[in-house]
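Have a look at the structure below before the remarks.
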Amino acid sequence: MAVQIAAETEVAPQDRFDYYWNQRGEWVEEPNVRRGGESGVQRVVGRDGQLLYAKRQTGHIYRSWLHPFGRPTVLRELDALTGVSRLGVRVPQIVFCGAQPDPQYKWRALLVTKSLDGFDELEKWEAAGGRAQYGEAVYERVLKDLAENLARMHKGRWQHSCIYIKHVFVRVTGEGDSAQVEVALIDLEKCRQRLTAYRAASHDMKQLRRHSSFSDTDWKKLVYFYETAFGSAIKGL
């Protein structure tokens, strides 16, 4: 049975999977073979001119005690995007998600999301002069917004599971005290719920420390903001 979800679109429901599957664009993540199938991401343009990212998969599944025979991984990412967004975590907006049985690959699956317009990877934003342009007060607000997004996710027991600094995006608009700071998280393909919020928090925060280049001072600030928002200290940070 086909599974699909879509935001408002002019394309008829029965045609949406094929419409997005047949879209072509620049590969931003070349197809790679893993999990018994193939997965890649293309940058495409929607009918309204909106820049979109389409994750295309064939035979790409994961197994769990709930799904011992395998389930398309985009459906797990759909669950995560839906779940954390309800908690107020800023993530890409879903345009379409669908999976169809396929005689050759077992499954064909798609996840289409809107581009995070105006956002950039945190480290690229800093390297391009964003921190110097806006000053330390705004950068502290960036750290605070990142901490609060992570804490909201973890308090809902969601563990990102791949929280590298390249998956943290930031957008700053306006100037001075009126500058608006927004942090978003991407690539929730491995995201899952843990039994406790603490387990999710401990895993992700330690992983982020290993896969980021925060100075000791900046990391201590991030941890302070995080533990304040989370409501308790995390051992080992």
Options 180, 167, 153, ranked by Cα towards positive dipole end of the range 152-237, top entry (Cβ charges)
153
Given an 8 Å cut-off on Cα distances and at least 6 residues of separation, report the relative contact order of the chain as a percent.
17 percent
Give me the angle, in degrees from 0 to 90, between the Cα long axis of helix 136-155 and the longest principal axis of the Cα atoms of the chain, rounded to the nearest 10.
50 degrees
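On alpha carbon coordinates alone, what is the Rg over Rh value for the range 117-221, Rh being the Kirkwood radius? Please list the in-between numbers first.
On the way: Rg = 13.8 Å, Rh = 14.2 Å.
That ratio is 0.98, to two decimals.
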Cross-link partners of residue 235 among lysines (Cα-Cα below 18 Å; sequence separation of 8 or more within a chain):
155, 206, 220, 221
Of all trypsin sites (Lys or Arg not before Pro) in the range 204-237, which ones are in loop regions per DSSP and have a Cβ with at most 15 other Cβ atoms within 10 Å?
235
Toy charge model, Lys and Arg Cβ at +1, Asp and Glu Cβ at -1: the chain dipole around Cα centroid in debye, rounded to 20, equals 1200 debye
With the dipole of the range 1-143 defined by +1 on each Lys or Arg Cβ and -1 on each Asp or Glu Cβ, the option from 25, 13, 142 whose Cα lies farthest towards the positive pole is 13
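At R0 = 22 Å, how high is the FRET efficiency between residue 210 and residue 178 if r is their beta carbon distance? Nearest 0.05 is fine.
Result of the calculation: an efficiency of 0.05.
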For the range 3-114, with only Lys/Arg (+1) and Asp/Glu (-1) charged at the beta-carbon, what is the dipole magnitude about the Cα centre, in debye rounded to 20?
380 debye
Which of 28, 172, 74 ends up with the largest GNM mean-square fluctuation for the chain, with Cα atoms connected below 10 Å?
28
The longest stretch of the chain containing none of the chymotrypsin sites (Phe, Trp or Tyr not before Pro) that sit in a DSSP loop with at most 14 other Cβ atoms within 10 Å is 70-163
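Can you list which of the trypsin sites (Lys or Arg not before Pro) found in the range 42-111 are DSSP loop residues with at most 11 other C-beta atoms within 10 Å? It would help to have the intermediate numbers written out before the result.
Details: sites: 43, 47, 55, 56, 63, 76, 86, 90, 106, 108; in loops: 47, 63, 90.
Of the trypsin sites (Lys or Arg not before Pro), the ones in loops of the range 42-111 whose Cβ has at most 11 other Cβ atoms within 10 Å are 47.
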Within a Gaussian network of the chain (alpha carbon springs, distance under 10 Å), most fluctuating of 136, 182, 227
136
In degrees between 0 and 90, to the nearest 10, how far off the longest principal axis of the chain does helix 216-230 point, with axes built from Cα atoms?
70 degrees
Add -39500 (n - 2.57) for each DSSP H run of 4 or more in the chain, then divide by its residues: what number comes out at 222 nm, to the nearest 500 deg cm²/dmol?
-10500 deg cm²/dmol
Among 202, 65, 51, which residue has its Cα positioned farthest towards the positive end of the charge dipole of the chain, with +1 placed on the Cβ of Lys and Arg, -1 on the Cβ of Asp and Glu, and the dipole taken about the Cα centre?
65
For the chain, longest principal axis from Cα atoms; helix 197-210 axis from its Cα atoms; angle between them, nearest 10 degrees, is 80 degrees
Expressed as a whole number of Å, what is the distance separating the alpha-carbon centroids of the range 118-169 and the range 212-234?
12 Å
Quote the charge dipole size of the range 107-191 about the Cα centre in Debye, to the nearest 20; the model charges only the Cβ of Lys and Arg (+1) and of Asp and Glu (-1).
540 debye
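Every number here is computed from the coordinates shown, using simple stated rules; none is lab data. Keep in mind that this is a model prediction, so the values were computed, not measured. Please note: Cβ atoms are built from the backbone with ideal geometry, for glycine as well, and neighbour counts cover all protein chains shown.
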